Each structure stands twice: as C-alpha cells, then as structure tokens.
C-alpha cells in the first residue's frame, strides 16, 4: 500500500532573521499527515510561529525545503517560491483579523473572488451554517462577540476549501469558558471535514483538546514529536515535560535516574503502587473545587525540588495537613 503524501512537510528547514544571530528555526524535519491536526507548542521565541509563516509563504526559508502535497513550494534552490495566495492554505489568526469595514458574509467571501456570484453566495451560506452562525451574514465585526468573530474567521479560512489550515494561537484572547467551548466546536468542525491543520499554541489545553500529535519546539529546534498522550507520559526532558503541564522531577532511588511524573500520577504505597518513591513532608494543601492539591518536600535522595500532586480520590484516608509526613509512590 502506497504511503500517503503529507499535505505539509518541512525538510531540514532553517530561518535566520539577522546575520550572526541564532536561527529562529534550525534544521526542522516535520510532516503533517492528511486529515491530521498537529499542534506546535513551545515558549515565546521557540520558532513555532516562524514555522507557520514559512508554511503560509509569509516567510522564506534560508535553508531546507517546504513542500505542500509533495510539491516543493519554497527553498531547495527553486527559482521562484509559490506565493501565499497560490498555496491553497487557510489562515486563522489570534484575534480573527476580520476586515472591520466588511460584513461577516463579505469577510467569508473574500477568498472566493473570481467565482460566479451565485456560487459565492451559496458557499458563504454553507460556511456560515458550518460554524453555527446562519443569518449572521449582514453583521459587521463590531456587532459580533469574540467567539463569533473567531468562528467567522474560521469560516473565511475554510470557504476556499484549503488543503491546509493554519491556526495561530486562535483562542489566546478569549475568556476561559468561551475558549473551552470554541475549542470543542472547532475540533468537531475540522474532524467532520477531515481538514488537515497545523495549530500553533502555548497552551497545553489547546493541544489536548484539538490535536492528535504534538511537536515541541525550543530555541528553533524540535525536541520531541509524537502522539499527545505518549509525549505527555514520556517526556524526554524537563522542557518537554513542562510544555504540556505541571511535572515533578523524581529521582530513581536505585540509580538516581531522573524521571518526570505528573501530579495525577501520585499514589500511596498502600493502594497497589509497585514501588515507593520515598517519604515526603506536606508543605501545603489546597482545595481547588475539582481536586485537592498537595505540595510535598521529598526526603533527600528522592528529589531535590518540591512535588505538586493531586490527592487520589480512592486514598481511603483523611487528607493530610501541612507538616504531616507521608509515603509516596507513583503510577507505573
């Protein structure tokens, strides 16, 4: 069976903004599979937005190749890069970037220029219905809520049926409740369309809600790529661990090997955990509503940094108080 061609592929891609400075991205090899949502995550300046702009054609690589559906569109010594408007790529920015002087319908229709008027009208209505905003076509951006503006931006990006959708921090400006709801809606829309997408974010919740795979960038280099839960459970470094949420540095009592354990991995030895990690003193207890969180100070040899853990619901014993000592184990 023939291997499918990636809608987007970076081959040894590098980009440097100033001579003598560190590269924004360096020798990145990464491919997005058909129908996949791949998340790029990393700290500020890690290179994730640069990669997105290279895919869109808003930046040019200094080395390597950018390919769309197997076709070389930038780098690789080609005489002329494929311009952004010919790449069949949809873009959704942080705050939608809608044209304020155009109605919602006109914004959605912007990428459909050159088509017959009746076909444009029909496609606009389809896309407004797709994002659950039928009848909103006559409204201007200032008449829409933040979530509505972002859904119109998504409809605009999807209207030309792009081969690839690029989402640049699309939820960062929304309040938490709206962010949660919009992530669910957009994920369902893209899954229903089988739309290939590259999501740039700094928020682990975006990754878990939207993506099948995650690529972690640090200082322009790829540090780890894989299925989201696999990377979450088996990070290769502190940076990769903390990119996807809180992580505890635990030292193997046998050989001192460094491991990373999540707060929910905390167990009491009596509940069947295979191996105790040592003793710890409770420094703080905090109830968050959904769970009880403890800050622990591990004894020497188990770790040299505080552990932040979730008290297990099945512990079967009272929640400890600050100053108490407890035995600690971790989920295998």
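A short reminder: the numbers here are calculations on the coordinates, not readings from a lab. Please read all numbers here as calculations on a predicted model, not as lab measurements. No Cβ is skipped: glycine too gets one built from the backbone with ideal geometry, and neighbour counts run over all protein chains shown.
Below, the figures for the structure above:
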quantity: Proxy reagent accessibility, fewest Cβ within 10 Å first, across 202, 142; calculated: 142, 202
quantity: Rounded tilt (10° steps) of 176-193 against the dominant C-alpha axis of the chain; calculated: 60
quantity: Linear extension gain, residue 291 paired with residue 257, 0.36 nm per residue minus alpha-carbon span; calculated: 9.3 nm
quantity: Nitroxide proxy distance, nm - points 7 Å out along Cα→Cβ at residue 18 and residue 86; calculated: 3.4
quantity: Euclidean distance of C-alpha centroids, the range 132-182 and the range 21-95, integer Å; calculated: 23
quantity: Rg ratio (alpha-carbon, reference 2.2 N^0.38 Å) - the range 128-170; calculated: 1.17
quantity: Radius ratio Rg over Rh of the range 96-139, counting only Cα atoms, Kirkwood formula for Rh; calculated: 0.94
quantity: Helix-only [θ]222 nm of the chain, DSSP H runs n ≥ 4, -39500 (n - 2.57) each, per residue, nearest 500; calculated: -7000 deg cm²/dmol
quantity: Projected area averaged over orientations for the range 254-330, convex hull of C-alpha atoms, nm²; calculated: 5.0
quantity: Two-decimal log10 I(q)/I(0) for the range 65-138, as the Debye equation yields it once each C-alpha is a single scatterer, q = 0.21 Å⁻¹; calculated: -0.97
quantity: Size-normalised alpha-carbon gyration radius of the range 222-262, reference 2.2 N^0.38 Å; calculated: 1.16
quantity: Exposure proxy ranking, count of Cβ atoms within 10 Å, fewest first, for 257, 12; calculated: 257, 12
quantity: Bins of 5 Å from zero: percent of alpha-carbon pairs in the range 160-285; calculated: 2, 8, 16, 17, 16, 14, 10, 7, 6, 2, 1, 0
quantity: Model label zone, residue 44; criterion: amide N under 15 Å from point 7 Å along Cα-to-beta-carbon; scope the range 175-203; calculated: 202-203
quantity: Relative contact order of the chain, pairs being alpha-carbon contacts under 8 Å that are 6 or more residues apart, as %; calculated: 17
quantity: The range 22-114 - Rg and Dmax from Cα coordinates, angstrom; calculated: 15.2, 43
quantity: Using alpha-carbon coordinates, inclination of helix 117-130 to the longest axis of the chain, degrees; calculated: 10
quantity: Degrees separating the helix 146-158 axis from the principal Cα axis of the chain, which is the longest one; calculated: 60
quantity: Ratio of Rg to Rh over the chain (Cα coordinates, Kirkwood Rh, two decimals); calculated: 1.06
